[in-house]
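The values are calculated or read from the model by the stated rules, or taken from the named source; none is laboratory data. Since the model is a prediction, treat every value here as computed from it, not as a measurement. Backbone-built Cβ (ideal geometry, glycine too); neighbour counts: all protein chains shown. Protein only, heavy atoms only, side chains kept; ligands, DNA and RNA dropped before computing areas. Shrake-Rupley method; radii C 1.70, N 1.55, O 1.52, S 1.80 Å.
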Amino acid sequence: MEGALARSLADAAAVMLSPPASSRRSTRVVASLRGSVSVGTATGTSMADRRQLVAGGIDELRLVDERAAVVALQQQQLPVGGGCEVEKLRAVAEAAADRADMHDIIGRQRDNWNHLLLHSNNSLLLAASVMAALAPAAAPTMVALKVSAGVLLASAAVTMASVNKIQPSQLAEEQRNATRLWRQLERDVRATLAPATTKADVHDAMDRVLALDAAYPLPLLPVMLDKFPKAVEPARWWPPTKKQQQRVPIINAPKVTATNGAAGRRATAMAGNGWTQELEEEMRGILRVIKAKDENEYVSVGKLVLALNKRLAVAGPALAGTAALAAAFIGSGEAGAWASGVAVLGGALAAAVNTVEHGGQVGMLFELCRNVAGIYRKIQEDIEANLEEADVERRENGEVFETKVALQLGRSTSELKQFRAMASPAVEDEDIKEFAGKLV
């Protein structure tokens, strides 16, 4: 009776858990299970041992069945074309991760440049100033001190001119921002990895990669960004959006056509995809405030910082060069006393200017203004791209988009409703007092 019970359990397990007929391994496991039960019955093993044997065979059947299901699922969800596009996107994500590491390493290196060159130039200038001050009173060694002071001051002038050209603090800020953006791109690409990936997704990712490479180049030469541009523009690290067939001015664009309140309510109800008339007015108001206040403010501050940096970049090497020239006349009659004072004063002032420019990281401040203005410019283009799309079903979901804009501006979604009034043409730009962003 015990043998019959064990055989019944084995047969039930084979029927209930057997995988498809194409799985030869499953067939072998079932046959093995039946044979083991038969042998156990013939040899007179205990009922507990037989049950344990049957349970082990069932576990093995389950494992084989799960593996077969996983393989079948992969074959169904990853066709040849889709799998190829997924692999391309995965390659883009790996490249973005690699770029992020490279920019992070180079950013640390260029930040070290800023500190090392700052202290090196200040040491040269101050040591030369001390030598120029001691030279008139040390007659036996005056020539040696005078020559040493002149050489150190000339070296400092050349070094300062080179450092001011490349602006290490600005280079470091570029790499820090690039690291953040490459990591963001990697996250976005990995989030889109799916069996339904299309060529459009791959092209979009590649465009973003090329735009980031152009915005924040790794090498210094010959593609280094101009540190003293003639015009201050917001940084741009995203590809241009596809132009619509007919662009419409967004701020003063006509709203949903309505001749009375009932028509307006019908248009609002028909909007769909999370978009309503109120939300469109809210986005138009935010767009206007960003253009009039936030972006304009950071561009204006960037112009002031750039003007200051230009003056400091010229003043430092000029003072050091003047001090080096004056050091050559130390000990030359009546002009010798004046020459010593000019050399000392020029070296000290050059060190002060160098400290303000690179110790205060004025170049980094200018790059920060460009980057923040770029953030607001991107928010503008995102809003414009959605509002210019006539078919609301092709837009990003309105509620999700509103949440994204609120997070980027550092506000809650309820706070954004106050900007609806700013969309009215009756409100002048001069009447706008509050900024849209709170984070930056």
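Annotation: V400 carries an accessible surface of approximately 70 Å², with a 1.4 Å probe and no ligand, DNA or RNA atoms counted.
Which log10 I(q)/I(0) values does segment 98-214 give at q = 0.10, 0.16, 0.23 Å⁻¹ under the Debye formula, counting every alpha carbon as one identical point scatterer? At q = 0.10, 0.16, 0.23 Å⁻¹ the computed log10 ratios are -0.53, -0.82, -1.15.
With the other protein chains left in place, how much accessible area per residue, in square angstrom, belongs to segment 313-438 at a 1.4 angstrom probe? Mind showing how you got there, number by number?
Details: 5900 Å² over 126 residues.
Result: 47 Å² of accessible area for each residue.
For segment 108-173, carbon and sulfur atoms together expose 72% of the accessible surface, with a 1.4 angstrom probe and every protein chain in place.
Multiplying each eigenvalue of the alpha-carbon gyration tensor of segment 314-440 by 5 and taking the square root yields semi-axes of 59, 15, 12 Å, largest first, rounded to whole angstroms.
Accessible-area rank, largest first, for K146, K230: K230, K146, with all protein chains present and a 1.4 angstrom probe.
What dipole magnitude, in Debye to the nearest 20, does segment 121-208 give about its Cα centre under +1 on Lys/Arg Cβ and -1 on Asp/Glu Cβ? Don't skip to the end; give the middle numbers.
Values: 9 positive and 7 negative charges, 36 e Å.
For segment 121-208, the charge dipole is close to 180 debye.
In order along segment 183-189, the phi-based Karplus estimate (6.51 cos²θ - 1.76 cosθ + 1.60, θ = phi - 60°) of 3J(HN,Hα) comes to 5, 5, 5, 4, 4, 5, 5 Hz; Gly and Pro are listed as x.
Inter-part distance, segment 391-440 to segment 324-366, computed on C-alpha centroids, equals 52 Å.
The alpha-carbon atoms of segment 140-204, seen along their principal axes, cover 85, 16, 13 angstrom, with the largest extent given first. Within segment 401-440, the chymotrypsin sites (Phe, Trp or Tyr not before Pro) that combine a DSSP coil assignment with at most 15 other C-beta atoms in a 10 angstrom radius are F435.
I need the calculated FRET efficiency for the pair E94 and K165, taking r as the beta carbon distance and R₀ as 45 Å, to the nearest 0.05. Kindly include the intermediate steps, with their values, before the conclusion.
Details: r = 35 Å, r/R0 = 0.78.
Calculated transfer efficiency: 0.80.
At a 1.4 Å probe radius, carbon and sulfur cover how many percent of the accessible area of segment 302-341?
Numbers: 1540 of 2100 Å².
Answer for segment 302-341 is 73 percent, counting heavy atoms of protein chains only.
So what is log10(I(q)/I(0)) for segment 193-235 at q = 0.28 1/Å, when the Debye sum runs over its Cα atoms only? Here the Debye-derived log intensity ratios amount to -1.02. The largest accessible area among E381, E393, E174 belongs to the first residue in E393, E381, E174, and the rest follow in falling order (1.4 Å probe, all chains).
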